[in-house]
Structure formats: C-alpha cells, structure tokens
Amino acid sequence: MKYISCIHLEHGITFFSNSVQICCISSHPGGGRIMQIDNYKGEPIDWDDFFSKRNILRENTRKGEPPKQCEGCYYLKEDEWNEGNYIDEVLIGHFTHCNCNCIYCYTEADKKFFNSNVTYNIYPVMKDMIDKGILSKHATITFGGGEPTILQEFEELINLLLDYDVYNIRIHSDGIKYSPGIERGLRLGKITLITSVDSSSPKVYEKIKQVPCHDKVWANLKKYADAKNGLIRTKYVLIPGVNDNLSEIKNWMKKTYDSGVRNIAFDIEDNWFKEHRENIPQYIYVMFDFVYEGYKQYNLESCELYERAFNLKVDRENRQKNLSDC
Ligand code: SF4
Ligand code: SF4
C-alpha cells in the first residue's frame, strides 16, 4: 500500500546518550525528536514492546496521521513501505566526547560535561539486534555524536558489523585518530567516511576546530583514500563570518582532489541557518551554487547536501515556484 511516511518512521532507531528515538532530524517545523525509550542507558531492549509502540505510529501514519513532530519534514514521501518488524536505519549517537573542539558543535555549550559524560557500551545492543535478526543486512548505519573512533568499543563494533555483512555504514569522524576498522571497511567497500574539514588552510582549520591537527587530518584522509573502494567525503560546514570565503572553498575542493578523495559534502551551520532561514543573504546562495553546481570542475564525483543545505535548496525552489505561480 502506498502512503506518505519516511524510512525512519517505518524502520529507524536512533541511540542518544540517554534515550532511544526514531530519528535525529530536527530542522523542520515539527522539530522531530520522537521518543521511543526515555532514560535509556544501554539496557537490553524489549523488542516486542519496542515494535508494538512503533506499530501504533506506523498505523496512524498509514491512515494519514503521522506524528506532529514530523510536520514539514522533507523526509516524508509517498512510497510503497515494507511491512515487518525490522530495523533498516540506525543512528549511533550515544556518545558526546570528542578529540576535537569545533566552535559550532553542540558540545561547546559545556565541553567539560560532554567530554566527561559517561556513556553506555552499544556493542551488546547491536549484537542483540544481529542475533535476533532485527537488524537488516541492507540497513544504513550512521555514526554521529562525538567522535566515534575514540569510543572504547569502536573497533570491535565495526568488525562485528562488517562480519555481519552490513554494507552501508556511514561514519562521521574528525579524522584525527586513524582507525584500522574504518580502513578495513573502506577496502571492503562497505563504509562511507565523512570528515568535516570546514576549511583548506591551517589558519581557518584551527580557528574552527581549535586543535592543531590540520596536517594530521589531511594525511589520514590520504591514507584512507589509498584504501580505495569505500566512499570518502570531505565536508564543509559553511559558518557565515568564519569560513565564508570563496578562495577557502575553492582550495578545499582542490585539496580534496589532491588527497585522493573524490567526493564532498556541504552544509550550513545549524544555529545560523535556523536564525536566518527566512532571510538568507544572496552571497550565501552564491557560495552554495559555487559548490553544488561547480564541484565537477574540480574533478570531484559527487556533492551530498546535509540537512541545512538541503533545506536551503528546497526553500529556494519552493519560493521560486510560488513566484512563478503568482
Ligand atoms: S518524517 Fe522527519 S521527523 Fe518524522 S520520523 Fe521521519 S525523519 Fe524523523
Ligand atoms: S568533530 Fe564533531 S563532535 Fe567533535 S567537536 Fe567537532 S562537531 Fe563536535
């Protein structure tokens, strides 16, 4: 049966440091953050209970009544959704500690707290999902958070997933710590690595990241790129007033190519975007177009738009459509 829903609502799970939710998407009017288990600290999950709660939401969505938190979300689309109680979309974001210090990170609010926040070990939960056949082999598994490579269970977890033959693992890593597990996944073609460099010069890198790791990160990216097969993206989060500089952006694309990486991702700083969404300055569109329409000139193969950049694109298309309808 065809109806409007989204993959997260149907088959998603998101692990945060003290809860299990349906997704991590939140920039739309409804605000997302649909709770599945509150006060969660890594306990074994009662999957019968989990899916019976989920099925109520799915049933309502099928009737045309999705959760109010989904209102205005661009992930909603009409499709033939698969029935069945399985997980096809996982976000692992239960950790907040990091070896980097980005000025735009939510952890900036209280770095000491987020870096010392003791989190749970997610390995047993993922193993349980695998053992019980709940995790689909076709699942997309995304690591976000904190920095995954410094998680105690990271290498063991990556090898568990790779051995299970999951082939779509997306890892957001700052690239400061080199991971043999990531390298293995790249060689097998099962991992997409996304490293947000947000700059091309050491000066701008350090201004944003507040750690002296520019050279190390690019050297690690080159080493990962030598592993071939898997997809690697360098990402640029545009921060107006900080790295909104065309020559920095051009050199980022050039440097990406020179390091052996062939794909990029683009986003806009979350707080700035939410504040300026209805009144985006023209020069931001110029930079957006320069990247999104111009990356092929740098011999790069693809440009993925992250949530804010994607919203910027769709908002502009909608405005242009409304104008032409008038
Ligand atoms: S529609 Fe958006 S907010 Fe709702 S579950 Fe899907 S991604 Fe999350
Ligand atoms: S690398 Fe990610 S988690 Fe670490 S400080 Fe930067 S944005 Fe935050």
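Using a cutoff of 8 angstrom between alpha carbon atoms and counting only pairs six or more residues apart, the relative contact order for the chain works out to 13 percent. Working note: 222 nm ellipticity from helices only, DSSP H runs with n ≥ 4, each -39,500 (n - 2.57), summed and divided by the residues of the chain, gives -12000 deg cm²/dmol to the nearest 500. Residues whose amide H falls under 5 Å from that of ILE171, counting only those 5 or more places apart or on a different chain, are PHE143, THR192, LEU193, ILE194, with hydrogens built in the peptide plane. Partner lysines whose Cα lies under 29 Å from the Cα of LYS228, excluding those fewer than 8 positions away in the same chain, are identified as LYS127, LYS137, LYS177, LYS190, LYS209, LYS216, LYS250, LYS254, LYS255, LYS296.
Projected label points at TYR178 and LYS296, each 7 Å from Cα along the beta carbon direction, are separated by 3.5 nanometres.
Shown here for region 1-100: trypsin sites (Lys or Arg not before Pro) in loop regions (DSSP other than H, G, I, E, B) with at most 13 other Cβ atoms within 10 Å, namely LYS41, LYS63.
Remark on LYS235: its backbone amide H falls under 5 Å from those of THR195, SER196, VAL197, ASP198, ALA265, a criterion applied only to residues 5 or more positions apart or on other chains, H modelled at 1.01 Å from N. When you filter the GluC sites (Glu not before Pro) in region 220-321 for DSSP loop state and at most 15 other Cβ atoms inside 10 Å of their Cβ, you are left with GLU278, GLU301. A cut-off of 5 Å between modelled amide H atoms, ignoring neighbours fewer than 5 places along the same chain, links LEU135 with ILE87, ILE130. Given their separation in residues at 0.36 nm each and the Cα-Cα distance between them, LYS321 and ASP131 gain 63.5 nm when the chain is fully extended. Place +1 on the Cβ of every Lys and Arg and -1 on the Cβ of every Asp and Glu in region 86-325, take the dipole about the Cα centre, and give the residue among GLY93, ASN229, ILE122 whose Cα lies farthest towards its positive end. Most positive-ward Cα: ASN229. Footprinting exposure proxy ranking of PHE113, PHE154, PHE16, PHE95, fewest other C-beta atoms within 10 angstrom first, gives PHE113, PHE16, PHE154, PHE95. Placing a label point 7 Å from the Cα of ASP289 along the Cα-to-Cβ direction, the residues of region 303-326 with a backbone N closer than 16 Å are 312-321.
Spatial offset of region 209-278 relative to region 101-177 amounts to 21 Å, using the alpha carbon center of each. Between ASP48 and TYR74, full extension at 0.36 nm per residue minus the direct alpha carbon distance yields a gain of 6.4 nm.
For the chain, the gyration tensor built on C-alpha atoms gives an oblate shape. Its axis ratio a/c (a ≥ b ≥ c) is at least 1.5, and a/b is not larger than b/c. Report the GluC sites (Glu not before Pro) located in region 72-157 that are in a DSSP loop and have at most 12 other Cβ atoms inside 10 Å of their Cβ, or state none. Counting only loop positions with at most 12 other Cβ atoms within 10 Å, the GluC sites (Glu not before Pro) in region 72-157 are GLU83. What the phi angles of region 287-301 give under the Karplus curve with 6.51, -1.76 and 1.60, with θ = phi - 60°, is a coupling list of 5, 4, 5, 4, 7, 6, 9, x, 5, 5, 4, 9, 6, 8, 9 Hz, glycine and proline written as x.
No lab work stands behind these numbers, since they all come straight from the coordinates. Just so you know, these numbers come straight off a predicted model, no measurement behind them. No Cβ is skipped: glycine too gets one built from the backbone with ideal geometry, and neighbour counts run over all protein chains shown.
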